[in-house]
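Working notes, beginning with the structure itself.
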Amino acid sequence: MGRPKRLQFPGACYAIVLRGNNRQDIFVSNADRRYFLSLARSYKERHGLRSTPTA
């Protein structure tokens, strides 16, 4: 059974969590990690997203 659809509305707050299977690493190298972060940053800027500090 799939997950229910996510509620979407203007101003909604969503959390993004990245985790490998069995808590394994998801990046092979620091270069992979930096590339992923650069992609995430470009999407954030392109779509006007904002980030909030984590606790």
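The values are calculated or read from the model by the stated rules, or taken from the named source; none is laboratory data. On a predicted model such as this, the values are computed, not experimentally measured, just so you know. Backbone-built Cβ (ideal geometry, glycine too); neighbour counts: all protein chains shown.
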| request: Could you check how many residues of segment 4-43 are basic (K, R) and modelled with pLDDT of 90 or more? | output: 3
| query | When segment 1-37 is examined, which residues are found to be part of a helix (DSSP H, G or I) and either in contact with a Pro (Cβ under 9 Å, 6 or more places away or on another chain) or exposed (fewer than 10 other Cβ atoms within 10 Å of the Cβ) (or both)? | reply | N21, N22, R23, N30, A31
| Residue count, segment 44-55 (criterion: surrounded by fewer than 10 Cβ atoms within 10 Å (Cβ to Cβ) and not in a loop (DSSP other than H, G, I, E, B)) | 2
